[in-house]
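K.L.:
Sharing a structure, written as structure tokens. Questions coming.
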Amino acid sequence: VFGCFLLFGTRENGRLQRGAMQTRMSSRILPVRLAVQPKFRPSLRNPEIDCFAAKKKKKDADDDEEDDFSMPAMRQPSPEEQKMEDAARKFINELDEQNKEDPIEIQDKFMLDTIKATEYGEKLFIEVKDGETDVKPSLPTKKNIMARAEEIANTVELSDLESNHRKMLTSLFPKDLEGNVVLVRADLNVPLKEDSDEIEDDQRIKAALDTVKYLMEKGAKVLVIGHLERYTSSGLRQNTLAPVAARMSELLNEVVTFVADCGGEKVANVARKMTPGSVALLENVRLVRTGDEEMDDALARELASLADIFVMDDFTDAHLNMASTVGVAKHASIAVGGLLVEKEMKYVDGAIQKPQRPFAAIVGGARLSEKYEMINRLLDKVDGIFIGGAVANTFIMSRGHKMGDSLNEPDQYKMARKLELKARNRGVKLMLPEDFLFANGYETDALTSSITMKSIEQPGNIPSGWMAMDFGEATLTKMVAVFKTAKTVFWNGPISAEEIESFSFGSHCVGSFMSAMSKANRTTIAGGRDTVAALGRCGAQDKLVHVSTGARSFMDLLEGKILPGLNALDPPEEIKIPLPDVTENKPLFDMELD
């Protein structure tokens, strides 16, 4: 939106006359027309004369005549000043002629008898060169706006713009893939059983195969790279990807060649012998090479040289600067995002930025300090939000209530109150648990007691040593009653200590609620390592519309941060600027302003 103000003044019968100038703002860019009332004559006089100062001086003397005061006598303009005044008149007439189509009348209560041409940063009105006056229009028109936009677009290098929105695999033509070697960076860091290399959960492998299958169908020669690590008593240890190759073969029902290296002549020979539609898995890049996490440029160049096209499909590690992701993307001839990354962007970024409304969010977890940025950003998007887990403890205790030894963050009390105030000001329904399950220990056989919020509000009802571990049926009933009309539901963070069966009621109820909403054709999105684990334990992981495989990348994307692994990819062929999401002022969930 462009706003322009022209200030004019005149004298009539020794007094300053006020005109009216009004700028009409619009979501569309429209040409602007200056409407000068006939009885006013624009003038350009000595810049030393300050009518505002004169007005202030007169007002101090007589407050009753606020808009009517005498002006000091004015000397006759010099030839140069007269030339500038004539040019100003000419400019007004020309501008009036330029903008006859679709005009906006401009009237403003501010009138100024003197205008200094260079006072506004650029020479908006007049520029005098060698005795000649060059009049430059300052008000935007459709013509000069589009010309300036095109000029800027032609000078901007798209690759220099930081963005998570990059070119995707589906934007390439089939002929770009057929017969070419494509290197896919996938998330293959699956959990293994403690006493063997047997895969405990193959969900990440299944998520990576969509891109592999797509490339096979297009006739590409597919090389897959990744890493696999496990925690042992002696620390973090890199593991071979051989078990992953075997599982990929089972899931694809195709032979997946395993190469005990990730570069060099061995991989080059395999790539040369591959046929269109075949797949090879390279060894753990961190097991046979060093420098991946240190962004070693030599390693990045070596990996990039293996293929014609690089596909980044490891959303889990997109928040990191690694040689096998960011480094390869910088050196590859073509670098695009895979199907998994595209899906993550569609739901995590797209559906949350422009959701179907009403939009509800459920946020849990242990620490508000880790969730603050995400909640703060969600409050700009959602119509209602439920806060659970230990994060809710911090909100409740920030109000001055006592909750025994429940996990909370005293240094975040101020931030909790700030978020509550923001929710209230934006008309967002913010809900906290209505009842809790307290326990005297963090174990299955601990003593438990159900306590309502009203009891917590009364001092002395929660003894020391007791902790809030879960919520009860009253909370679930209220949350479902409020959020059942939502068309988009988002969940991040367990809302109970669900890893212990005795305290799994709350999180599993949310999982069931999300599953039921999916069956009702609502958009359900969940993400975060602990959230995905909770969905798996309650059997709802495959029942949601989208479950993000990312952990930190998922959180960073929600917080609006740039992910290096995506930003390094090729820019899209066009940039679309999203318009702000405008909704009615009326809240979509009932507010309780108690």
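K.L.:
Could you calculate the contour length gain from Lys519 to Lys175, that is, 0.36 nm times the residue separation minus the distance between their Cα atoms, to one decimal place in nm?
P.N.:
That pair, Lys519 and Lys175, stretches by 119.9 nm at full extension.
K.L.:
Also, I was wondering about something else. Going down the list Lys193/Lys371; Lys429/Lys543; Lys429/Lys487; Lys213/Lys346; Lys218/Lys487, which pairs span over 25 Å between their C-alpha atoms?
P.N.:
Lys193/Lys371; Lys429/Lys543; Lys218/Lys487, as the Cα separations exceed 25 Å there.
K.L.:
Of all the accessible heavy-atom surface of segment 230-277, with the other protein chains kept in place and a 1.4 Å probe, what percent is carbon and sulfur?
P.N.:
52 percent
K.L.:
Just want to confirm a number: the relative contact order over segment 273-372, from Cα pairs under 8 angstrom separated by 6+ residues, in percent.
P.N.:
24 percent
K.L.:
Using a 7 Å offset from the Cα along the Cα-to-Cβ direction at both Ser450 and Asp86, what is the distance between the two label points in nm, to one decimal?
P.N.:
9.2 nm
K.L.:
Would you list Lys193, Lys414 from the most to the least accessible area, probe 1.4 Å?
P.N.:
Final ranking, largest accessible area leading: Lys414, Lys193.
K.L.:
Quick one: accessible surface of Phe436, probe radius 1.4 Å, all protein chains present, in square angstrom to the nearest 10.
P.N.:
Spelled out: Phe436, probe radius 1.4 Å, area about 10 Å².
K.L.:
Additional query: With the Cα gyration tensor of segment 326-375 giving a ≥ b ≥ c as the square roots of its eigenvalues, does the rule (a/c under 1.5 for rounded; else a/b larger than b/c for prolate; else oblate) give rounded, prolate or oblate?
P.N.:
oblate
K.L.:
Using alpha carbon centroids, what distance separates segment 342-401 and segment 529-557, in Å?
P.N.:
Distance between centres, Cα-based: 15 Å.
K.L.:
Which of rounded, prolate, oblate describes segment 421-520, given a ≥ b ≥ c as roots of the alpha-carbon gyration tensor eigenvalues and a/c under 1.5 marking rounded, otherwise prolate only if a/b is larger than b/c?
P.N.:
Taking the square roots of the gyration eigenvalues as a ≥ b ≥ c, segment 421-520 is oblate.
K.L.:
I'd like the distance separating the alpha-carbon centroids of segment 236-274 and segment 176-224, in whole Å.
P.N.:
Result: 10 Å between the Cα centres.
K.L.:
Here's a follow-up. Mind listing the long-range amide H neighbours of Ile334? Cut-off is under 5 Å, sequence gap 5 or more, other chains count too, H placed in the peptide plane at 1.01 Å from N.
P.N.:
Excluding prolines and chain starts, which carry no amide H, the hits are Phe310.
K.L.:
Ignoring solvent entirely, what values of log10 I(q)/I(0) come out of the Debye formula for segment 482-549 at 0.23, 0.24 Å⁻¹ when each Cα is a single scatterer?
P.N.:
So the normalised log intensities are -0.91, -0.99.
K.L.:
Report the extension gain between Gln353 and Asp261 in nm, rounded to one decimal, defined as 0.36 nm multiplied by the number of residues separating them, less their alpha carbon distance.
P.N.:
29.0 nm
K.L.:
Once neighbouring chains are kept in place and the probe is 1.4 Å, which whole percent of the accessible area of segment 301-352 is contributed by carbon and sulfur?
P.N.:
Heavy-atom surface of segment 301-352 belonging to carbon and sulfur, 1.4 Å probe: 47 percent.
K.L.:
Amide H to amide H, which residues 5 or more places from Glu229 or on other chains are under 5 Å from it, using H placed in the peptide plane?
P.N.:
The list, which skips near neighbours in sequence, is Asn239.
K.L.:
On to the next question. In the full protein assembly as shown, how much of Tyr214 is accessible to a 1.4 Å probe, in Å² to the nearest 10?
P.N.:
In the full protein context, Tyr214 sits at about 50 Å².
K.L.:
Still on this structure, please answer the following. Would you pull out the residues with amide H under 5 Å of Val184's amide H, same chain only if 5 or more places away, H placed 1.01 Å from N?
P.N.:
Answer set, sorted by chain and number: Leu223, Val224, Ile225, Val311.
K.L.:
For Asn461 and Glu499 in one chain, what is 0.36 nm times their gap in residues minus the Cα-Cα distance, to one decimal in nm?
P.N.:
Working it through step by step, the gained length comes to 11.0 nm.
K.L.:
Here's another thing I want to ask about it. Indicate the gyration tensor shape class of segment 289-345 (rounded, prolate or oblate), computed on the Cα atoms with a ≥ b ≥ c the square roots of the eigenvalues: a/c under 1.5 is rounded; otherwise a/b larger than b/c is prolate and the rest oblate.
P.N.:
Oblate.
K.L.:
Please go through segment 418-447 and write out the trypsin sites (Lys or Arg not before Pro) that DSSP classes as loop and that have at most 14 other C-beta atoms within 10 Å.
P.N.:
Passing sites in segment 418-447 are Arg426.
K.L.:
Which order do the peptides 313-323, 530-540 take when ranked by the mean count of other beta-carbon atoms within 10 Å per residue, highest first?
P.N.:
313-323, 530-540
The values are calculated or read from the model by the stated rules, or taken from the named source; none is laboratory data. Source: prediction; values computed, not measured. When we count neighbours, we look across all protein chains shown, and the Cβ atoms used for this are built from the backbone with ideal geometry, even at glycine. We work out accessible area using only protein heavy atoms, side chains counted, and drop any ligands, DNA or RNA first. Shrake-Rupley method; radii C 1.70, N 1.55, O 1.52, S 1.80 Å.
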